[in-house]
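Peer 1: Here it is, the structure, as structure tokens.
The values are calculated or read from the model by the stated rules, or taken from the named source; none is laboratory data. Keep in mind the model is a prediction, meaning the values are calculated, not measured. We place every Cβ from the backbone using ideal geometry, glycine too, and count neighbours over all the protein chains shown. We work out accessible area using only protein heavy atoms, side chains counted, and drop any ligands, DNA or RNA first. Shrake-Rupley method; radii C 1.70, N 1.55, O 1.52, S 1.80 Å.
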Amino acid sequence: MDALLAELHRFVAPGRRRGWWLVLVVSVAALGVGVGRYAQVEPRCEGAWAQLEGIWDDGRRGQVQAAIVGTELGYARGTWERVEARLDAYGQAWARGYTEACEATSVRAEQSPEVMDLRMGCLGERRVAMREAVDVLAQADAARVQTAVTLVARLPGVARCADVEALRAGLPPSDDPEIAARVQGLREQLAEIRVRDEGGVYDEAMPRVEAVMEQAEALEYGPLVAEALLERGLRHQQRGQYAQAEQDLERAYVLAAQQGHGPVERLAVGQLVFVVGVRQERPERALQWSTTALALARSRQAEPLDEARVLKDIGTVLGQQGQYEDALAHQRQGLVIQQAQLGEDHPDVASTLNSIGGVLRTRGQLSEALVHHERALAIDKAALGPGHPYVAIVLGNIGHVFAAQGRREDALARHRQALEIQRAALDPLHPDIANSFNSIGAVLQALGRFEEALEHHERALAIQQVALDPGQPVLAVTLSNIGEALAELGDPSRALEVDRRALAILEGALGPRHAWVATVLDNIGGVLRELGELEQALEHHERARSTKEQVLGPRHPSVAVSLDNIGLVLRMQGRLDDAGDRYERSRSIREQELGPDHVAVADSLHGLAEVALARGQEATARALAEQALAIVEAGEVPPKRLASARLLLARSLWLDPSQRAGARRLAEQAREGLLARPGASSELRVEVERWLDEHRLR
């Protein structure tokens with residue numbers, strides 16, 4: 001415009017009267033060109049919905065509805081309604097983004113053609129993702145209906161395509177047009193694989209990723225190779241092949257960093273935190289990765305949800321280490337970001353609430369944990385429908401909280417409700433159904449109904465043996481549950497055999513240095529203790545302690561569990577000084593890591609009181625027993641635990657003749673608490689009855 005005015009001024013300035021008409025003519029001509037250009041371009045910018053024909057139109061709408069509702073699942077119609085609304089909203093957002101990107105260049109001349117190309121390329125990727133999601137849903141079966149709402153909810157955001165700065169920060173295409181076209185085609189294949197995987201189409205993923213990987217390496221285009229490595233790593237992770245997943249993700253991260261491929265770099269290192277820290281339980285290495293992951297997630301090029309995802313995974317790793325305050329801080333920070341970006345009622349928000357509830361439950365804050373699980377349940381019911389399998393998962397977590405509170409009948413009801421939903425919604429051999437059978441078995445075991453518990457654990461194992469690879473660690477967890485039930489039923493020899501099978505699976509899948517391995521070692525030690533094999537029992541408990549200290553750190557609360565087990569064996573051997581030392585170390589860990597009023601501290605105090613009683617230190621035993629009972633009474637504990645603490649104090653008080661009436665009252669309260677929950681612990685009830693018979697007032 002400056003150049004045009006200068007040229008016009010040159011013509012007009014010498015004689016203003018002779019040139020005024022020229023300005024008018026040029027102005028009118030320019031106006032005519034502008035109007036003509038607008039008239040030619042405007043129809044082209046109105047073609048957004050035509051771009052979605054065959055992707056999301058009336059025909060595809062009908063196919064998706066028929067497929068989802070046709071499964072006849074209890075929650076299918078509600079799922080269809082939610083999917084339809086989300087796809088309609090996504091299509092409208094895409095059409096608005098397309099029209100805006102077109103008009104900004106072709107009508108209003110506010111942006112360059114280069115910027116329009118960037119925005120249209122981004123929208124093209126979203127269009128492919130939408131197309132694949134609809135294709136998956138149009139062939140929906142029970143498994144795909146389960147993930148239908150989350151599949152659509154997690155489609156890549158359209159708003160990102162208006163962020164020109166972020167788009168410019170991406171990698172430019174290859175200078176060779178042929179290579180650029182082939183790269184684009186392979187990227188679309190990776191996007192298809194990703195979306196179909198989100199939709200529950202797992203079987204075809206790995207062969208397709210391998211094919212893309214081979215072609216990417218042949219092209220020698222580094223950014224694409226990094227993308228294929230990332231996808232292959234994610235597929236290995238999904239299959240439980242964590243070592244291979246770690247290798248691919250690390251290679252993807254390094255190559256992406258070399259190429260300046262920010263999105264792959266961020267996602268790969270974020271997944272390394274999860275695979276290494278959560279799946280392989282190597283927290284020190286995971287937290288090293290987390291420093292890099294969090295820095296990249298907070299970079300200007302990253303999306304806010306990148307940071308939320310990393311914060312959640314770091315919180316999970318910290319929780320496994322027993323660093324509960326830091327774990328909760330990270331997860332809550334991620335939750336705030338998710339709520340701001342996704343809204344309060346998004347399924348991913350429910351997932352994070354569920355995770356926070358799990359940390360709170362582990363920490364012993366059961367009422368607060370229940371609040372978070374209930375909020376997650378309400379969101380999932382509204383977003384996914386009351387019959388959705390994800391609702392069943394949250395119900396199971398609520399059942400775990402009830403069990404920890406001693407509300408075992410309520411826990412049993414929640415787990416059975418979860419199982420009912422899963423049986424209506426899932427394949428009969430789905431692993432989640434096995435998880436519910438295991439959870440029901442654990443509650444029945446706590447109720448003293450050991451034969452029923454064993455039956456449920458064995459049904460879980462039967463499903464897992466068909467549905468899962470024989471080396472999957474979750475099989476070992478079920479075997480360990482069966483071992484516990486057999487031990488309670490008075491069959492320690494079979495229990496030992498089953499526990500050793502579990503140990504072999506875990507060591508084969510995860511290696512000898514893993515927290516799950518340590519748990520089974522403790523279980524085996526307990527069975528050996530019942531068999532009177534005290535030296536072997538001590539050896540297994542020591543191995544468990546050593547493994548936990550190496551994997552989780554010497555101050556992890558799980559280490560205190562092994563120290564208690566060691567203390568018990570040493571006490572049975574008459575090695576009271578050594579036993580007292582282990583119980584004291586256990587108390588120190590729990591008081592420091594969990595707080596002095598945590599119910600787990602009462603277990604350490606209980607052991608110390610037993611040692612004091614064996615030494616004849618009446619005053620010390622009484623003080624420790626009183627402290628343990630005060631903690632237990634203030635906490636949310638099962639009746640068995642409360643009864644055991646009361647009996648311990650009764651035994652301590654009985655040594656003082658002036659306190660024997662109070663001792664009897666405590667023991668009677670213990671009996672009443674156990675009788676109020678029949679089957680809660682028949683063995684402990686027998687012990688209480690025997691003590692009352694043997695300690696009568698004159």
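Peer 1: Note the full-extension length gain between residue 462 and residue 535 as 0.36 nm times their separation in residues minus their Cα-Cα distance, in nm to one decimal.
Peer 2: Going from the current span to full extension adds 22.8 nm.
Peer 1: Now for a different question. Suppose R0 equals 56 Å; then what is the FRET efficiency for residue 50 and residue 455 from their Cβ-Cβ distance, rounded to the nearest 0.05?
Peer 2: 0.40
Peer 1: Separate question: I need to check one value: relative contact order of the chain, counting alpha carbon pairs closer than 8 Å and at least 6 residues apart, in percent.
Peer 2: Here the relative contact order equals 7 percent.
Peer 1: Report the Cα centroid-to-centroid distance between the stretch 291-363 and the stretch 629-698 in angstrom, as an integer.
Peer 2: Each part reduced to its Cα centre gives a spacing of 43 Å.
Peer 1: Rg and Dmax of the stretch 443-570 over Cα atoms: what are they, in angstrom?
Peer 2: According to the Cα coordinates of the stretch 443-570, Rg and Dmax are 14.4, 42 Å.
Peer 1: Pulled fully out, how much extra length does the chain show between residue 57 and residue 550, if you take 0.36 nm times their separation in residues and subtract their Cα-Cα distance?
Peer 2: Working it through step by step, the gained length comes to 171.7 nm.
Peer 1: Give me the distance in nm between label points sitting 7 Å out from Cα along the Cα-to-Cβ direction at residue 238 and residue 295, one decimal.
Peer 2: If labels sit at residue 238 and residue 295, their model points lie 3.2 nm apart.
Peer 1: How large, in percent, is the carbon and sulfur part of the accessible surface of the chain at a probe radius of 1.4 Å?
Peer 2: Carbon and sulfur atoms account for 50 percent of the accessible area of the chain.
Peer 1: With the other protein chains left in place, how much accessible area per residue, in square angstrom, belongs to the chain at a 1.4 angstrom probe?
Peer 2: Ligands and nucleic acids excluded, the figure is 45 Å² per residue.
Peer 1: Report the convex hull volume per residue for the stretch 593-649, counting only C-alpha atoms, in Å³.
Peer 2: Roughly 68 Å³ of hull volume per residue.
Peer 1: With point charges of +1 on the Cβ of Lys and Arg and -1 on the Cβ of Asp and Glu, referenced to the Cα centre of the stretch 299-438, which listed residue (362, 384, 337) lies farthest in the positive direction of the dipole?
Peer 2: Checked the options; the winner is 362.
Peer 1: Between 0 and 90 degrees, rounded to the nearest ten: what's the tilt of helix 618-634 against the longest Cα principal axis of the chain?
Peer 2: 40
Peer 1: Sticking with this one: Which angle between 0 and 90 degrees, to the nearest 10, do you get for helix 262-272 versus the longest principal axis of the chain when only C-alpha atoms count?
Peer 2: Roughly 10 degrees, rounded to the nearest 10.
Peer 1: Still on this structure, please answer the following. Take the Cα gyration tensor of the chain, multiply each eigenvalue by 5, square-root it, and list the three semi-axes largest first, rounded to whole angstrom.
Peer 2: 63, 26, 24
Peer 1: On a 0 to 90° scale, report how tilted helix 599-615 is relative to the longest principal axis of the chain, with both axes built from alpha carbons and the result rounded to the nearest 10.
Peer 2: On a 0 to 90 degree scale, this one is about 20.
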